[in-house]
There are 2 protein chains.
Amino acid sequence: MNSISFDITNVLSTAVGKEGLENTMITSVSDKLQSYNMELRDTPYPFMDLPSNKFQFSEMKKLCDTINTKKIKNIVLLGIGGSSLGTETIFNALLHPFHNLSDAIRGHKPRYFILDNIDPHKINRVIEIITPEKEDTILIAISKSGETPETISQFMIFKELLGNATGRIVLITDRDKGILKEIAEREGYPVLNVPDGVGGRFSVLTPVSMFPAAFMGIDIDEIMAGAKDMAQHIKEKGPVENIGIILSSILYLMDKHGKNIHVMMPYCERLSGFADWFRQLEAESIGKNMQGPTPLKSIGVTDQHSQLQLYIDGPKDKFITLIYSADDDRLISNAFPYIESIDYLAGKNLRDLFYAEFLGTTLSITESKTPNITILIDKINGYNLGALFMLYEMVIAFLGYLYEVNPFDQPGVELGKTYTKAIMGKKGLEDKHETIKTKLSTSKTIIRF
Amino acid sequence: MNSISFDITNVLSTAVGKEGLENTMITSVSDKLQSYNMELRDTPYPFMDLPSNKFQFSEMKKLCDTINTKKIKNIVLLGIGGSSLGTETIFNALLHPFHNLSDAIRGHKPRYFILDNIDPHKINRVIEIITPEKEDTILIAISKSGETPETISQFMIFKELLGNATGRIVLITDRDKGILKEIAEREGYPVLNVPDGVGGRFSVLTPVSMFPAAFMGIDIDEIMAGAKDMAQHIKEKGPVENIGIILSSILYLMDKHGKNIHVMMPYCERLSGFADWFRQLEAESIGKNMQGPTPLKSIGVTDQHSQLQLYIDGPKDKFITLIYSADDDRLISNAFPYIESIDYLAGKNLRDLFYAEFLGTTLSITESKTPNITILIDKINGYNLGALFMLYEMVIAFLGYLYEVNPFDQPGVELGKTYTKAIMGKKGLEDKHETIKTKLSTSKTIIRF
């Protein structure tokens, strides 16, 4: 039986005084969201239907079967932003943390390389490792628009290296348009799609991440089951017991209450990727019109020795989500019985220490009047991960409503993209050249070492 | 010839209007800092002397020689916070990014595992991989105080697993006190020290990181040479051409000017660790007395597809340090000549695209009135890394002076540590039990899924 529980006690003024919220404030926003939630029943966003649709699940399974027969040793994923973060999250949570390192542990599964950057040093080092000419590497290039310059460039590089790559390239892109679609048609590569109306950062439950996951032997039906149950929970529960609505209300109110830095701090290394995934989802969806909280990833207990001092003694501008999950354990051996002062560790369970640190941190940040919520997850599996994906996607949809912004666009990054293309000499952007030249040639203040 | 250049043009009001600084503001703070800098000539902080001292360099080299003969396959580092971040930074910058993955690339060097957390799942997976009973693993446990419960617990676990571990355990800790020192004496383990007066997060140029680096074949003299030249630069240059003073003045003024979120965004995957290292240094040193900017790590170009939207269209509370370094390249093949719209990529160099993205982002954030500085590093090597370590450590010392806080302590985290130990049943903390019990037993508001 899977379970996730959300403790919101420490966000209330009863716990953290004036830095916290009154129950009535939460109720007032929740009621507003509940009306919106009712509207969504009739006109859901396309991402909400994905767990019922299981979009292209049969195509994906067929494709996996076709390729698996070819004894693939490496899988290279080309994608950036929404095209990589979901997959990184799933692999981080559900594969062995040293998957690539050991044949024995990996079994017949391939090693994976997710290329979410174009740093030439890194790209060259990946090429050294996989020796793509050996015909044991499969390439998956992912771009919703099919036009992402980073992904297209990587694809051009790897296509050349792969040589005769029939049967070793899969593209995931829009059904109707874009460069990747055009290439697939011309070259005869198999294609999977991002369904209409589902943007990159909401695409984890589409082939974008489900195909790589399925290919690595992860049970994607289990992920969908969790997502479906969470969608159902949010659709049906009243506002007081509806975690989607309560969580959205708290995130919104915290920001309005001067807590504009939103820390997500999992005590669970397998959720490190999840914090990165949410960081994109929140920043890119809500960071608009001079508004939007700044998401911050932290890892417990590691960052107790890095960031906690600031959270406790720094400005009162932070709201912290602590997540705890530990479904494994190890005995702390009594290796040095002659040292009395470590009696409290000797013979104890490492998980108990891990939990005590989580609890100690929660108590001390609460005492410092830093509002926080804690999420306990009974185990890290596909079901709970699917539920968390759907929960936070719904939270962002709700926040879009509260902030009165469109959570599905990203207008702010277009200018930089245009400049980049103009600098690279893309046709049709000649009018930008003069602007760029002027900007780059203004006198600079430079200090040299 | 190594070089690092710092462009501060876009932090000035001439570039970003009222969100920026006047030159006179910078001058006024810089002059103040220059007087302080003069004082430091006579009474330097102990970390400033490390590049001249080369503390225990001969001991480290001797120890490396002794152990190397034993055909070590794995090196396990136990440490957290300042005891791990410096080493992670150096390995990230100077070793092959897939060092652990390939015998061919690694040569005779061992694989490394840095355990900076006590998540039992991760610890157990590391143990699966290294099979410590095989006698080809060396353990380095690092804690300045010698008392860090996370590191001590890990050490207890691994000591038991290593069995007869003579010659395969090295401890790095305080010269005069602490549990690790006591254990070393009793068991006869070799010990290296953290010099007096150098705190954990300022310890990268001590055996804490220099020994692991030397053991992996990294030229630690080169790191020291860069650090030494930077210390010299800061000591001797006048305020206008002194990057330590200028940078400190800008960081301080930006925070006071409402830019309390300090993004460090390297366009260079090998400096990802450096951003984590600085994040600890700034947060833990300056986050005091309800003050202190919040450091944020971002990676270019990756986070253009994750965080840039927020930086550009979100609240005007951010100051961004962009760092660019690329000393490698690859041709973008003309793999799909029939697609005209990618003419601007075909046959170009990947590094040119990488640089165009860096430039496009810089231009667009400047146009959005987000103050920023850019740092160009000609190559990633030990010398430049050493210079950056010393630069930012000096910056934090200067910031401590400006904020009027002690940059070398971390009083805020003590309470959480005490709670953790009390929960684990440490003797002498019985008086906390009642407090904790009360806090944990107050009625909770919990929502379940």
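The values are calculated or read from the model by the stated rules, or taken from the named source; none is laboratory data. Fair warning: this is a prediction, and the values are worked out from it, not measured in the lab. Methodologically, a virtual Cβ is constructed for each residue, glycine included, from the backbone with ideal geometry; neighbour enumeration extends over all protein chains shown. What goes into the accessible areas is simple: the full protein's heavy atoms, side chains included, and nothing from ligands, DNA or RNA. Shrake-Rupley method; radii C 1.70, N 1.55, O 1.52, S 1.80 Å.
Antiparallel versus total DSSP beta bridges in chain A: what percent is that, nearest 5? Numbers along the way, then the final one.
Values: 5 of 40 bridges.
Taking every DSSP beta bridge with both residues in chain A, the antiparallel ones total about 10 percent.
Ordering B:Tyr392, B:Tyr355 by how much accessible area each has at a 1.4 Å probe, largest first, what is the list? Don't jump to the answer; show the numbers that get you there.
Details: B:Tyr392 5, B:Tyr355 85 Å².
Of B:Tyr392, B:Tyr355, the descending order of accessible area is B:Tyr355, B:Tyr392.
In whole Hz, what ³J(HN,Hα) sequence does segment B:81-93 give by Karplus (6.51, -1.76, 1.60; θ = phi - 60°), x for Gly and Pro?
After applying 6.51 cos²θ - 1.76 cosθ + 1.60, I find x, x, 7, 10, 5, x, 5, 4, 4, 5, 5, 4, 7 Hz.
Given a 1.4 Å probe, how much area per residue of segment B:260-372 is accessible, in Å²? Present the calculation step by step, with values, prior to reporting the outcome.
Working: 2550 Å² over 113 residues.
On a per-residue basis, 23 Å².
Answer rounded, prolate or oblate for segment B:289-378, using the Cα gyration tensor with square roots of eigenvalues a ≥ b ≥ c: rounded when a/c is under 1.5, else prolate when a/b is larger than b/c, else oblate. Please report the intermediate quantities before stating the final value.
Working: a/c = 3.04, a/b = 2.07, b/c = 1.47.
In terms of gyration-tensor shape, prolate.
How large, in percent, is the carbon and sulfur part of the accessible surface of the protein assembly as shown at a probe radius of 1.4 Å? Can you show the working numbers first?
Working: 15220 of 30880 Å².
The value for the protein assembly as shown is 49 percent carbon and sulfur by accessible area.
How charged is the neighbourhood of B:Ile373? Take every other residue with its Cβ under 13 Å from the Cβ of B:Ile373, and add Lys/Arg as +1 and Asp/Glu as -1.
Numbers: positive: A:Lys444, B:Lys259, B:Lys318; negative: B:Asp7.
So the surrounding residues net to +2.
Using label points projected 7 Å from each Cα along Cα→Cβ, tell me how many nm separate A:Lys379 and A:Glu182, to one decimal.
With each label point 7 Å from Cα toward Cβ, the separation is 4.9 nm.
What does the extension gain come out to for B:His433 and B:Asp221, with contour length at 0.36 nm per residue minus their alpha carbon separation?
Numbers: separation 212, 0.36 × 212 = 76.32 nm, distance 5.02 nm.
The B:His433-B:Asp221 span can extend by a further 71.3 nm.
In nm, one decimal, shortest first: how far is the label point of A:Gly107 (7 Å from Cα along Cα to beta carbon) from the matching points in the other copies?
Ordered by increasing distance: 3.8 nm.
Quick one: which of A:189-199, B:439-449, B:415-425 comes out on top by average Cβ neighbours within 10 Å, and what's the full order, highest first? Spell out each step's value before the answer.
Numbers: A:189-199: 18.5, B:439-449: 13.5, B:415-425: 20.6.
Final packing ranking: B:415-425, A:189-199, B:439-449.
Which loop trypsin sites (Lys or Arg not before Pro) in segment A:94-196, with loop taken from DSSP, have no more than 12 other Cβ atoms within 10 angstrom of their Cβ? Walk me through the numbers on the way to the answer.
Working: sites: A:Arg106, A:Arg111, A:Lys122, A:Arg125, A:Lys134, A:Lys144, A:Lys159, A:Arg168, A:Arg175, A:Lys177, A:Lys181, A:Arg186; in loops: A:Lys144, A:Arg168, A:Arg175, A:Lys177.
Counting only loop positions with at most 12 other Cβ atoms within 10 Å, the trypsin sites (Lys or Arg not before Pro) in segment A:94-196 are A:Arg175, A:Lys177.
Considering only the other residues whose Cβ falls under 14 Å of the Cβ of B:Ala346, what net charge follows from Lys and Arg at +1 and Asp and Glu at -1? Spell out each step's value before the answer.
Working: positive: A:Lys159, A:Lys421, A:Lys426, A:Lys427, B:Arg330, B:Lys348; negative: A:Glu160, B:Glu340, B:Asp343, B:Asp352.
Within the 14 Å Cβ shell, the charges total +2.
For chain A, calculate the relative contact order in percent as a whole number, restricting contacts to Cα pairs under 8 Å that are 6 or more residues apart.
Working: 692 pairs, mean separation 96.3, N = 449.
The normalised contact order for chain A reaches 21 percent.
At a probe of 1.4 Å, how much accessible area disappears from chains B and A on forming the pair, both sides counted, to the nearest 100 Å²? Could you put the intermediate results ahead of the total?
Values: alone 22330 and 22410 Å², together 30880 Å².
In total, chains B and A hide about 13900 Å² from solvent.
With the label 7 angstrom out along Cα to Cβ, how close does A:Gln34 come to the same site in each of the other copies, in nm, nearest first?
Here the equivalent label points are 6.6 nm apart from this one.
Can you tell me the orientation of helix B:382-403 relative to chain B, as the angle in degrees between its alpha-carbon axis and the longest Cα principal axis, to the nearest 10?
Approximately 80 degrees, to the nearest 10.
Using only Cα atoms and rounding to the nearest 10 degrees, what angle (0 to 90) does helix A:350-367 make with the longest principal axis of chain A?
70 degrees
Does segment B:211-286 classify as rounded, prolate or oblate by the C-alpha gyration tensor (a ≥ b ≥ c root eigenvalues; a/c under 1.5 gives rounded; else a/b over b/c gives prolate, otherwise oblate)? Walk me through the numbers on the way to the answer.
On the way: a/c = 2.49, a/b = 1.34, b/c = 1.86.
Taking the square roots of the gyration eigenvalues as a ≥ b ≥ c, segment B:211-286 is oblate.
With N residues in segment A:75-143, what two-decimal value do you get for its Cα radius of gyration over 2.2 N^0.38 Å?
Numbers: Rg = 12.3 Å, N = 69, 2.2 N^0.38 = 11.0 Å.
With N residues counted in segment A:75-143, Rg over 2.2 N^0.38 Å equals 1.12.
Any idea what the B:Thr438 label distances to the other copies are, label 7 Å down the Cα→Cβ vector, nm, shortest first?
In nanometres, ordered from closest: 6.7.
Report the relative contact order of segment B:267-345, percent, no decimals, based on alpha-carbon pairs under 8 angstrom and at least 6 residues apart.
For segment B:267-345, the relative contact order is 34 percent.
To test your reading of the geometry: what angle, between 0 and 90 degrees and rounded to tens, separates the Cα axis of helix A:57-68 from the longest principal axis of chain A?
60 degrees
Run the helix sum for chain A: -39,500 (n - 2.57) per DSSP H stretch of 4+ residues, divided by residue count, reported at 222 nm to the nearest 500 deg cm²/dmol. Walk me through the intermediate numbers first.
Values: 18 runs with 211 residues, N = 449.
Counting only the DSSP helices, I get -14500 deg cm²/dmol.
Can you list which of the GluC sites (Glu not before Pro) found in segment A:400-433 are DSSP loop residues with at most 15 other C-beta atoms within 10 Å?
On the way: sites: A:Glu404, A:Glu414, A:Glu430; in loops: A:Glu404.
The qualifying sites are A:Glu404.
Name the GluC sites (Glu not before Pro) in segment A:277-350 that are in a loop by DSSP and that have at most 15 other C-beta atoms within 10 Å, would you?
Working: sites: A:Glu282, A:Glu284, A:Glu340; in loops: none.
The qualifying sites: there are none.
Short version: ³J(HN,Hα) in whole Hz for each residue of segment B:163-175, in order, from phi by Karplus 6.51 cos²θ - 1.76 cosθ + 1.60 (θ = phi - 60°), x for Gly and Pro, what are they?
Residue by residue, segment B:163-175 yields x, 6, 10, 3, x, 10, 10, 10, 10, 10, 6, 4, 6 Hz.
Anything over 24 Å Cα to Cα? Flag those among A:Lys288/A:Lys379; B:Lys18/B:Lys237; A:Lys421/B:Lys369; A:Lys18/B:Lys444; B:Lys32/B:Lys235, in the order listed. If you can, show how the numbers build up before the last one.
Numbers: A:Lys288/A:Lys379 35 Å; B:Lys18/B:Lys237 30 Å; A:Lys421/B:Lys369 22 Å; A:Lys18/B:Lys444 19 Å; B:Lys32/B:Lys235 15 Å.
Among A:Lys288/A:Lys379; B:Lys18/B:Lys237; A:Lys421/B:Lys369; A:Lys18/B:Lys444; B:Lys32/B:Lys235, the Cα-Cα distance tops 24 Å for A:Lys288/A:Lys379; B:Lys18/B:Lys237.
Rounded to whole Å, give me the distance from the Cα center of segment A:217-235 to that of segment A:352-402.
Here the two parts' Cα centres lie 18 Å apart.
Roughly how many Å² is the accessible area per residue of segment A:32-185, as a whole number, for a 1.4 Å probe?
Working: 5960 Å² over 154 residues.
For segment A:32-185, the per-residue accessible area is 39 Å².
Provide a list, ordered by number, of residues in segment A:68-104 showing at least 30 Å² less accessible area with every protein chain present than when their chain is taken on its own, using a 1.4 Å probe.
In segment A:68-104, residues shielded by partner chains: A:Ile80, A:His96, A:Pro97, A:Phe98, A:Leu101.
Note down the net charge around A:Val191, summing +1 for each Lys or Arg and -1 for each Asp or Glu among other residues with Cβ under 9 Å from its Cβ.
Working: positive: A:Arg175, A:Lys181; negative: A:Glu185.
Net local charge, A:Val191 excluded: +1.
What is the pair-distance distribution P(r) of the protein assembly as shown, computed from all Cα-Cα distances in 20 Å bins starting at 0, with each bin given as a whole percent?
P(r) over the protein assembly as shown, rounded to whole percents: 14, 48, 35, 3.
Per-residue HN-Hα couplings for segment B:149-162, Karplus 6.51 cos²θ - 1.76 cosθ + 1.60 at θ = phi - 60°, whole Hz, x for Gly and Pro?
Rounded to whole hertz, the list is x, 4, 6, 4, 4, 4, 4, 4, 5, 6, 4, 4, 5, 6.
Rounded, prolate or oblate: which fits segment A:385-433, taking a ≥ b ≥ c as square roots of the Cα gyration tensor eigenvalues, rounded meaning a/c under 1.5, else prolate when a/b beats b/c? If you can, show how the numbers build up before the last one.
Values: a/c = 6.22, a/b = 2.64, b/c = 2.36.
Note, shape of segment A:385-433 comes out prolate.
Which lysines, on any chain, are close to B:Lys427 with Cα under 17 Å apart, when same-chain ones fewer than 8 places away are left out?
A:Lys348, B:Lys417, B:Lys437
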